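The values are calculated or read from the model by the stated rules, or taken from the named source; none is laboratory data. Bear in mind that the values here come from a model prediction, so they are computed numbers and not experimental data. All Cβ positions, even for glycine, are placed from backbone atoms using ideal geometry, and neighbour counts span all protein chains on display. Please note that ligands, DNA and RNA were not included when accessible areas were found on the heavy atoms of the full protein model with its side chains. Shrake-Rupley method; radii C 1.70, N 1.55, O 1.52, S 1.80 Å.
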2 protein chains.
Amino acid sequence: MADYGNGTSPVERLIGMMARLPGLGPRSARRAVLTMIRRRDVLLDPLAKALDEVARTVRECDLCGNIASGPLCEVCTSPERRAGEICVVESVADLWAMERGGMFNGRYHVLGGVLSALDGIGPEQLRIPSLLARAGDGEVSEVILALNATIDGQTTAHYIADQLAPLGIRVTSLAQGVPIGGELDYLDDGTIGAALLARRTL
Amino acid sequence: MADYGNGTSPVERLIGMMARLPGLGPRSARRAVLTMIRRRDVLLDPLAKALDEVARTVRECDLCGNIASGPLCEVCTSPERRAGEICVVESVADLWAMERGGMFNGRYHVLGGVLSALDGIGPEQLRIPSLLARAGDGEVSEVILALNATIDGQTTAHYIADQLAPLGIRVTSLAQGVPIGGELDYLDDGTIGAALLARRTL
């Protein structure tokens with residue numbers, strides 16, 4: 001028997017693979033695949049084309065690790081982005097989040113993770129050596145560490161800051177504090193403490 | 001600018017289309033696509049191949065409406081499935097659910113929806129005419145209505161039962177009652193009432 005979501009026909013293989021995506025399980029993968037097949041003109045065929053195009057064209061930017069369709073990504077090739085400012089992020093998802101923020105006009109460096117003794121991830125497993133090389137090329141004046149406010153993220157930020165110190169360039173990190181629209185009553189104590197320490201005169 | 005999940009590059013198009021699948025939104029579609037790209041050997045490339053294969057090969061069974069890779073589906077072509085019993089289901093997902101149950105050894109008829117005056121869906125919009133033709137071919141001895149226990153599902157079941165009555169074949173529907181493992185305290189009153197009315201001597 002085939003095509004019931006637990007075997008090896010094309011439909012079953014597709015369901016099995018969809019189920020491995022984050023946010024989907026076997027049940028929702030089945031639902032998604034059935035919806036695709038039912039609406040093949042607007043979902044299945046365009047999705048197959050789009051996925052094929054991405055698989056053929058998408059690669060990593062040689063310089064920063066962002067998603068690119070050539071050797072360099074659109075940020076690294078854009079003449080409007082300041083080459084002197086490098087924003088260091090953990091992942092491409094974080095790079096996109098920064099871009100949605102719409103306030104940064106420099107370039108990026110995607111680490112591809114954070115240091116983790118537990119998982120055996122050291123500087124060599126991340127894009128840290130290439131970051132140090134980039135930062136030391138004489139053109140860079142500031143490195144902004146936009147790493148997640150987790151233990152591993154902050155450990156990584158401090159490690160990078162230590163490595164960059166001899167270069168004598170400015171190393172900054174994102175401000176910590178109350179998020180826009182945030183209510184104190186729902187914030188964790190650490191955030192409130194950090195926001196108090198970093199308080200500003202109005 | 002491109003590739004941040006809100007424009008027209010291949011990656012953005014893929015995200016936009018993934019976001020239209022049930023169970024995924026813009027945020028989870030972004031996450032899924034980034035995961036695919038990060039793990040291209042095990043996710044992106046095989047998924048692109050599987051989706052392409054499904055888009056090229058999958059079609060509807062001419063007889064029952066199930067998913068098929070030829071004119072007829074695997075159930076309709078299997079010599080081991082009894083042609084005299086037709087199980088009527090609303091969707092391919094329900095057909096798969098019946099197959100997972102593993103107790104039915106006849107064939108199917110997928111309606112493609114249920115009657116709905118509100119949505120303007122009459123018998124002609126569903127696979128009801130072809131069901132009546134199939135049921136009247138002299139080979140069919142029983143039609144099992146496995147429609148969902150919703151108002152529209154039951155309305156559809158009664159409509160089909162009325163249409164089939166002149167043919168003099170057996171028309172049955174799934175039993176209603178307490179689900180296996182079900183606790184009375186958590187069941188709705190309608191189910192408990194139906195289970196009481198359909199009680200059996202032990």
Could we say that B:L147 is in a loop (DSSP other than H, G, I, E, B) and open to solvent by 10 Å² or more (accessible area, probe 1.4 Å) here?
yes
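Yes/no matrix, rows are residues, columns are (1) open to solvent by 20 Å² or more (accessible area, probe 1.4 Å); (2) more than 8 Å from chain B (Cβ to nearest Cβ); (3) within 28 Å of B:G23 (Cα to Cα):
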position: A:S9; (1), (2), (3): no, no, yes
position: A:A32; (1), (2), (3): no, no, yes
position: A:R40; (1), (2), (3): yes, no, yes
position: A:C64; (1), (2), (3): no, yes, no
position: A:S69; (1), (2), (3): yes, no, no
position: A:P79; (1), (2), (3): yes, yes, no
The one condition A:L131 fails out of (1) under 26 Å from A:Q163 (Cα atoms); (2) open to solvent by 40 Å² or more (accessible area, probe 1.4 Å) is (2)
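Tell me yes or no: at least one residue of the range A:179-201 is under 25 Å from A:C61 (Cα atoms) and open to solvent by 30 Å² or more (accessible area, probe 1.4 Å). Outline the logic, then answer.
To start, the set of residues in the range A:179-201 that are under 25 Å from A:C61 (Cα atoms) comprises none.
No, that holds for no residue.
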Please indicate, with yes or no, whether at least one residue in the range A:10-17 is modelled with pLDDT of 90 or more, in contact with a helix residue (DSSP H, G or I) (Cβ under 8 Å, 6 or more places away or on another chain) and farther than 23 Å from B:G65 by Cα.
yes
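Could you tell me whether any residue of the range A:84-99 is open to solvent by 60 Å² or more (accessible area, probe 1.4 Å), among the aliphatic types (A, V, I, L, M) and either outside any loop (DSSP other than H, G, I, E, B) or more than 7 Å from chain B (Cβ to nearest Cβ) (or both)?
Checking the range A:84-99: not a single residue is open to solvent by 60 Å² or more (accessible area, probe 1.4 Å), among the aliphatic types (A, V, I, L, M) and either outside any loop (DSSP other than H, G, I, E, B) or more than 7 Å from chain B (Cβ to nearest Cβ) (or both).
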Quick check: anything in the range B:42-60 open to solvent by 20 Å² or more (accessible area, probe 1.4 Å) and more than 10 Å from every other protein chain (Cβ to nearest Cβ)?
no
All but one of (1) part of a loop (DSSP other than H, G, I, E, B); (2) modelled with pLDDT under 95 hold for A:R81; which doesn't?
(2)
Using beta carbons and a limit of 7 Å, which pairs, at least six apart or on different chains, have the first residue in the range B:129-157 and not assigned by TED's automatic domain parsing to the domain that holds B:A97 and the second one hydroxyl-bearing (S, T, Y)?
none
